[in-house]
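Presented below is the structure to which this report refers.
The values are calculated or read from the model by the stated rules, or taken from the named source; none is laboratory data. Bear in mind that the values here come from a model prediction, so they are computed numbers and not experimental data. Here the Cβ is made from the backbone with ideal geometry for all residues, glycine too, and neighbour counts use every protein chain on show.
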Amino acid sequence: MLELLWVHNREEAQSELIHRTCLWERWENRKDRVCPFGICLRPVTGSEDTVAFSSWAYRPPYLTETMSIAVATNSKVLTEPMLFQISLANAPISSRLREFSL
């Protein structure tokens, strides 16, 4: 999944809760060699607890207290896409693989 970042609320993007994601910095400097893209990975069935990279847990206000998004520890490297993984849903290939495993 490719996610394009768009700030619609400056205060929220600059808030303490969101600050560590560097979303504001990506937005504010998007014309100056900063990558405004994020790449989201989703696990295949059975590997929901495995994160593909070194990460920290981001808990935005719209998720329940027990849920989080794994954000790559290099999220402050603004010249690279923001890499994150959600375990909220399995990768689409998981369901297609089940169709072919008879």
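Below are the figures for this structure:
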| quantity | calculated |
| --- | --- |
| Long-range neighbours under 7 Å by Cβ, at least six apart or interchain, first residue more than 11 Å from Ser54 (Cα to Cα) within the range 65-83, second in a strand (DSSP E or B) and at pLDDT 90 or above | Ser68/Ala57; Ser68/Tyr58; Ile69/Tyr58; Ile69/Phe84 |
| Leading residue by the ranking (surrounded by the most Cβ atoms within 10 Å (Cβ to Cβ)) among those in the range 24-45 that are in contact (Cβ under 8 Å) with a residue 40 or more places away in the chain and over 13 Å from Phe84 (Cα atoms) | Arg26 |
| Subset of the range 59-102 that is farther than 26 Å from Asp32 by Cα and of a type in the set (Phe, Trp, Tyr) - its residue that is modelled with the lowest pLDDT | Phe100 |
